[in-house]
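What follows is a set of notes on a single structure, which appears directly below.
Each value in this text was obtained by applying a stated rule to the coordinates, not by laboratory testing. The shown structure was predicted, so the numbers you read here are calculated from the model rather than taken from an experiment. Cβ coordinates were reconstructed from backbone atoms using ideal geometry, including for glycine residues, and neighbour counts include every protein chain displayed.
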Amino acid sequence: MKRSLIDIVDLSTQELDELIACAKDIMAHPEKYSEICHGKKLATLFFEPSTRTRMSFEAAMYELGGNVISMSSAASSSAAKGESVADTARVISCYADIIAMRHPKEGAALVAANNASVPVINAGDGGHCHPTQTLADLLTIDIQKGRFSGLTVGLCGDLKFGRTVHSLINALSRYEDVRFVLISPEELRLPDYVKTDVLEARGIAYEETADLEGAMPSLDILYMTRVQKERFFNEEDYLRLKDSYILTPAKLAGAKKDLAILHPLPRVNEISVAVDDDPRACYFKQVLCGKFMREALIIKLLKEAGTI
Ligand code: NCD
């Protein structure tokens, strides 16, 4: 049966664990998987800028022995002529076995999935969610910490528009005794629908603060995010808020020795390059984890669809 991944909640906790195990197996034995998608095609439809997510999907498919067809900008596609997402999804289903799609509108991936006859993977829909970045984040945390339970996770920066944050909270809050410290300026706080529907509904401990250094000593994970310029209504607010948090070696003075620092990238100013050599910086490892998790996901969805 065709199955898509639109929101991280579409995957059960057991499935998350299975995807992590599969990604680790691919990492250890890439040759076992190098022909598994032979003759199959992934279409990448990116209606919004992306470097790593699109190339990560493409690299993943090539490493599985498959092929890629791609639309890299909305301006050069039929969307510019006014084609609907529903029609595009129907059309691309005739060319590809699986679709990875990024779109600036919340809900666009769901519309595509409802109209495509092949699995659709949401590679980011507006400020809503970004489940495959969460898969990358989970594998990184698993490798660094060996567990999810009992962790204190600091999320810092643009918690309002940062879709990666919304998906990560949704995933991690399923594990036992996870605590969140939500670090942001007042205007960029986590939306109420995540606070009430996820954190409060599940009885998860969280605290909101604007003070990164104050929160630092308690954290096991620090997840930095970029202020999402493209989702602001006016330039002035963006300019005022964009440098709210800049992680420097000095700010890490009070941090745990085994803190793991994550960032979905691209980084603008949120982490000084001086932090890159700190052994606690995991954001480039996270990129690699993303590719392996996307491989695991492509295999899972193509198997469930009966394509491989
Ligand atoms: C993130 C995104 O697109 O939401 N990037 C990514 O996919 N790694 C984060 C961001 O753009 O800030």
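Report the FRET efficiency, 1/(1 + (r/R0)^6), for S117 and R240, where r is their Cβ-Cβ distance and R0 is 35 Å, rounded to 0.05. Each step should come with its number before you reach the end.
On the way: r = 47 Å, r/R0 = 1.33.
Using R0 = 35 Å, I get an efficiency of 0.15.
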Next on the checklist: Can you compute 3J(HN,Hα) from phi for each residue in the stretch 295-308, using the Karplus curve 6.51 cos²θ - 1.76 cosθ + 1.60 with θ = phi - 60°, rounded to whole Hz and x for Gly and Pro?
Outcome noted: 4, 4, 5, 4, 4, 4, 5, 6, 5, 5, 7, x, 7, 10
Checklist entry - So how compact is the stretch 183-284: Cα radius of gyration and Dmax in angstrom? => result 14.5, 40
Checklist entry - Label-point separation (nm) for T307 and K2, each offset 7 Å from Cα along Cα-to-Cβ? => result 1.0 nm
Item to check | Pairwise label distance in nanometres, S70 with E213, each label 7 Å out on the Cα-Cβ vector | outcome: 4.2 nm
Item to check | Candidates per trypsin sites (Lys or Arg not before Pro) in the stretch 175-215, loop by DSSP, up to 13 other Cβ within 10 Å | outcome: R202
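Fully extended, how many nm does the chain gain between S149 and V91 (0.36 nm per residue separation, minus their Cα-Cα distance)? List each step's numbers first, then the result.
Working: separation 58, 0.36 × 58 = 20.88 nm, distance 4.32 nm.
Extra length from S149 to V91 when fully extended: 16.6 nm.
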Checklist outcome for this item: Short to long, in 20 Å steps from zero, the percent of alpha-carbon pairs of the chain per bin is 34, 58, 8
Checklist entry - Gap in Å between the Cα centre of the stretch 252-308 and the Cα centre of the stretch 162-189? => result 16 Å
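State which entries of K81/K300; K24/K145; K195/K303; K105/K229; K41/K291 exceed 24 angstrom in Cα-Cα distance in the structure shown. Provide the component values of the computation, followed by the final result.
Details: K81/K300 34 Å; K24/K145 15 Å; K195/K303 35 Å; K105/K229 15 Å; K41/K291 17 Å.
Listed pairs above 24 Å: K81/K300; K195/K303.
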Checklist entry - Percent relative contact order of the stretch 152-245, based on C-alpha pairs within less than 8 angstrom and at least six residues apart? => result 41 percent
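For M101, M27, what's the fewest-to-most ordering of other Cβ within 10 Å of each Cβ? Working shown, then result.
Details: M101 30, M27 16.
Fewest-to-most Cβ neighbours within 10 Å comes out as M27, M101.
How high is the FRET efficiency from D25 to R280, r the C-beta distance, R0 25 Å, rounded to 0.05?
Values: r = 27 Å, r/R0 = 1.07.
The calculated FRET efficiency here is 0.40.
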Checklist entry - Relative contact order for the chain: what is it in percent, counting Cα pairs under 8 Å that are at least 6 residues apart? => result 21 percent
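Can you compute the FRET efficiency between Y175 and A80 using 1/(1 + (r/R0)^6), with r the Cβ-Cβ distance and R0 = 41 Å? Round to the nearest 0.05.
Details: r = 43 Å, r/R0 = 1.06.
The value I calculate is 0.40.
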Checklist entry - Going 7 Å from the Cα of R202 toward and past its Cβ, which residues in the stretch 152-184 have a backbone nitrogen under 13 Å from where you end up? => result 153, 166-180
